[in-house]
Amino acid sequence: MSGLETSSGERVACTGCPLVCVDVVVCAATEGVDSTSVSFGQACSRGVAWLSEAWSASDREMAVVEGRACGADEAAEAAAGRLAACRRVLVTGCNDATLETVLAAADLAEGVKGAVDFGAADTRHSIGPIQSRYGRVTADFEELRDRADCVVLWCGDLEQSHPRFVERFVAPPTLAGPRRVFVIGDALPPSATPGWTLVDVPRTQLAEVAATWRRMLRERLSGKAAFASVSAPRGVTLLEATLTPLIDACEAAQCIGVVTEPSPDDRTGVAAAAVSQLVNGLAHHKPAFEIPLAAQAQGAGGAAAAAVCTWRFGASGAVAVADRNGGPTADAEADACRLISRGEVDGVVVVGEPTPPVAAALEGYEGCVVAVGGAMRSSGGAVIWIATKPTSLATQGTVLRGDGTLVELREVRPSARPAAQTVLTSILHRLAVKEGR
């Protein structure tokens, strides 16, 4: 890192994924070196790309209204006018937003009496309300790291969605010593270390695997069956034999942590519900919990979006009408992708970056799009884009890590752009003026 230094020891919180790593060090160029030279120590490749983009964000581009560059105030006025004329508005995005930005987005949704859905996977599943009724036994990432001597990775591409998760929370030993790690699937991930055990079952059979594991647990606890050998005795199915080493390890463990991600093959949420029920059953007998990770997560705003929606509107998403006094919600009906694709909204407010499925649904959308922050996007309809401060380096506020841990942000790269919550509040105020409130 010739020519680079950490003279002030500037540490930043990387909001490039839900892990929100707080040990990233900004190494800025010293005098006599190209001022654009910068390095981000400890960051993964995805974090480096995320932070580099935030570092190089230009303040020259402030806002665009239907292809014409203008100031943020003019764009906010135009956005208010367009939204006031819409029949029904959807507020989405917030995939990389601060808690303050999500609150402002919720305020705007209430102000326009619109729909709210930030693109979480579970709101696209019809079984979501059932899961919320029986609940999940969860813990924070550090509890997994410090206590779980048996970890089950029930995930997809963990290196892609949460690049440093294994390094930070699975690879270190527990406070009491080493841990055993099992991977449910048909291949060990690139981050696997010697000693990890593969439980070779297709991810398309997650619901069956969870149900079989739960039944075997009940049978063993009641003394009806004993599966002490890896070889399959007469009458034992191949799946039962495959699961036996895992169940043996869970029986011997002091604490069990099950790390999950929604599977793209689980279109109804049945597999996710089966896993949660399994963890509930384990937790009745010894410390056990689930670490649910967001699928297709691109930034650190998902946890804040779900939390704000839940506490204000009573559901993590798929809110048909934003009303803190009790508005209708409908999983798999009022989620962002369906509302957009079925043409049920003629205006969409995208705050920051949307999730990939919502971004795909917006391609070719003919209604009005108001994009507050994020990348400048095009659409078949009228587009208003207002630039905002990059979340990781130029925004003061708070973000929620994927497990709900609060992380404070501070400004280390000043920007002339307004904060996202300031823009949203400005649009809401202008709407109120137009409606005489």
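Quick note: the coordinates plus some simple rules give every number you see, no bench work behind them. Note that the coordinates shown come from a computational prediction; the quantities given were computed from them, not determined experimentally. Positions of Cβ are generated from backbone atoms using ideal geometry, with glycine treated the same way; all protein chains shown enter the neighbour counts.
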Out of residues 5 or more away from Thr197 or on other chains, whose amide H comes under 5 Å of its own, with H placed 1.01 Å from N in the peptide plane?
Val181, Phe182, Val183
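Grab the Cα-Cα distance for Arg88 and Thr138, subtract it from 0.36 nm times how many residues apart they are, and report the gain in nm with one decimal. Display every interim value, and only then the final one.
On the way: separation 50, 0.36 × 50 = 18.00 nm, distance 3.62 nm.
Stretched fully, the Arg88-Thr138 segment lengthens by 14.4 nm.
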So for segment 281-437, what are the equivalent ellipsoid semi-axes in whole Å, largest first, each being the square root of 5 times an eigenvalue of the Cα gyration tensor?
28, 22, 17
FRET efficiency estimate (nearest 0.05) - Cβ-Cβ, Glu10 to Ala307, R0 25 angstrom
0.30
Binning at 5 angstrom from zero up to the longest distance, how are the C-alpha pair distances of segment 12-104 distributed in percent?
2, 10, 14, 15, 18, 13, 12, 9, 4, 2, 0, 0
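Under 1.5 on a/c is rounded, so check that first for the chain, then, if it is not, pick prolate when a/b is larger than b/c and oblate when it is not; a ≥ b ≥ c are the square roots of the alpha carbon gyration tensor eigenvalues.
Details: a/c = 2.55, a/b = 1.49, b/c = 1.71.
Oblate is the answer for the chain, as a/c is 1.5 or above yet b/c matches or exceeds a/b.
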Helix 72-84 vs. the chain, principal-axis angle (Cα, 0 to 90°, nearest 10):
70 degrees
Looking at segment 52-126, which trypsin sites (Lys or Arg not before Pro) are in a loop (DSSP not H, G, I, E or B) and have at most 13 other Cβ atoms within 10 Å?
Arg60, Arg87, Lys113
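Based on the Cα coordinates of segment 242-319, what is the per residue volume of their convex hull in Å³?
Details: hull volume 10.5 nm³, N = 78.
Taking the convex hull of the Cα positions in segment 242-319, it is 135 Å³ per residue.
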Just add up the charged neighbours of Asp23: K/R +1, D/E -1, any other residue whose Cβ is under 10 Å from the Cβ of Asp23.
+3
Could you check how many percent of all C-alpha pairs in segment 128-292 are farther apart than 19 Å?
54 percent
How far, in degrees from 0 to 90, does helix 99-111 lean away from the longest principal axis of the Cα atoms of the chain, to the nearest 10?
70 degrees
Roughly how far apart, in whole Å, are the Cα centres of segment 252-286 and segment 69-84?
46 Å
Those trypsin sites (Lys or Arg not before Pro) from segment 136-201 that are DSSP loop and have at most 15 other Cβ neighbours within 10 Å turn out to be none
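Please report the antiparallel percentage of the DSSP beta bridges confined to the chain, to the nearest 5.
Numbers: 21 of 56 bridges.
That works out to approximately 40 percent antiparallel.
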Quick one: order Leu393, Leu158 by neighbouring beta-carbon count within 10 Å, fewest to most.
Leu158, Leu393
